1. Between A203 and N158, what is the label-to-label distance in nm when each label sits 7 Å out along the Cα-to-Cβ direction?
2. Using the 2.2 N^0.38 Å rule of thumb for compact globular proteins, work out how the stretch 138-230 stacks up: its C-alpha Rg over that value, please.
3. Please compute one quarter of the surface area of the Cα convex hull for the chain and express it in square nanometres.
4. For the chain, give the magnitude of the charge dipole about the Cα centre (Cβ charges: +1 Lys/Arg, -1 Asp/Glu; no others), in debye to the nearest 20.
5. Among rounded, prolate and oblate, which fits the stretch 196-260 when a ≥ b ≥ c are the square roots of the eigenvalues of its C-alpha gyration tensor, a/c under 1.5 means rounded, and a/b larger than b/c means prolate?
6. Along Cα→Cβ, 7 Å out, is where each label goes; now give me the distance between the ones at F45 and N125 in nm to one decimal.
7. Can you work out the base-10 log of I(q)/I(0) for the stretch 60-151 at q = 0.12, 0.14, 0.22 1/Å, using the Debye formula on its C-alpha atoms alone?
8. With the Cα gyration tensor of the stretch 60-105 giving a ≥ b ≥ c as the square roots of its eigenvalues, does the rule (a/c under 1.5 for rounded; else a/b larger than b/c for prolate; else oblate) give rounded, prolate or oblate?
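Where a number appears in this text, it was derived from the coordinates with a stated rule and is not lab data. Quick caveat, the model's predicted, so the values are computed rather than measured. Heads up, the Cβs are rebuilt from the backbone with ideal geometry, glycines too, and the neighbour counts pull from every protein chain shown.
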Amino acid sequence: MNKFLLRALVLASVNIAVFADAQFRTRNRMDKLEDFDEQKFSWGFYLNGNRLDYRIVLHPRYGAEGNQNLVKSRESYSFGAGLIAKWRLNDNLDLRLEPGLQFAQRQLIFNTQSNDQYAAGTLTNPPFFPIALTEKDKVREIKSTLVDIPVLLELHGNRWYNSRPYIAGGVNYIVNLQSNSDSVDDNMQQVFRSTTHNFAWSAEMGIQFYFNKFKLTPAIRGTFFMNNEKVADNATTPPYWATAMSTLQTRAVMFVLKFE
């Protein structure tokens with residue numbers, strides 16, 4: 001379903017762009033929304049499709065065996081929506097606030113049964129009682145509801161007829177409403193914990209198209225978490241899960257359709 005939504009968003013933008021092609025066929029047609037970008041403040045909303053996965057830095061002992069990585073991330077596709085508030089700074093710069101809600105479901109796979117070899121303990125980790133990992137133990141389905149608040153500085157070129165290209169970059173404050181960070185249970189009880197409050201940086205590029213009643217912007221945005229999202233398992237939990245990772249960070253590529 002998520003892949004279908006992403007394809008539908010891409011198809012919608014292509015259809016609209018083809019329909020809008022008539023705007024660029026002649027030099028004698030009227031420019032649309034000529035005064036729109038002269039407003040000090042403007043508003044809108046957006047819809048987006050996401051491709052998300054994790055960037056994982058493995059623990060050198062518990063996360064790898066020889067050349068084999070014991071923890072892997074499986075990407076997923078999801079969707080989101082949000083609002084747009086734009087503040088015009090000058091002819092080529094805008095400041096944008098785009099709070100949104102993003103839904104995601106990812107998968108982490110832990111092939112860490114070989115960590116039984118460290119059951120007697122190491123210099124840095126106490127001994128533990130090994131368990132036989134079932135398929136349910138090896139896979140963590142991680143559902144996330146993310147409140148994403150990006151602040152972006154937009155640099156755009158001059159308007160060419162009824163279009164205008166731009167690039168943007170900025171920082172995000174992201175709250176994971178399903179982080180389980182305060183749970184006393186951990187992976188021994190099938191509960192994967194991550195941080196609630198996160199920071200990221202984003203980069204974006206797109207083209208703004210002007211119509212009679214609104215402005216449409218198809219864009220591509222990349223968002224990359226800067227902090228480590230991993231929350232350590234409890235001290236008595238064997239090193240099959242969180243201990244096998246040193247760093248866990250979300251990364252997302254978003255296709256966005258903006259309406260202003």
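1. Computed distance between label sites A203 and N158 equals 2.7 nm.
2. Working: Rg = 18.7 Å, N = 93, 2.2 N^0.38 = 12.3 Å.
The value comes to 1.51.
3. Over every viewing direction, the Cα hull of the chain projects on average to 16.2 nm².
4. 740
5. Here the stretch 196-260 falls in the prolate category.
6. 4.8
7. -0.63, -0.72, -1.09
8. Prolate is the answer for the stretch 60-105, as a/c is 1.5 or above and a/b outweighs b/c.
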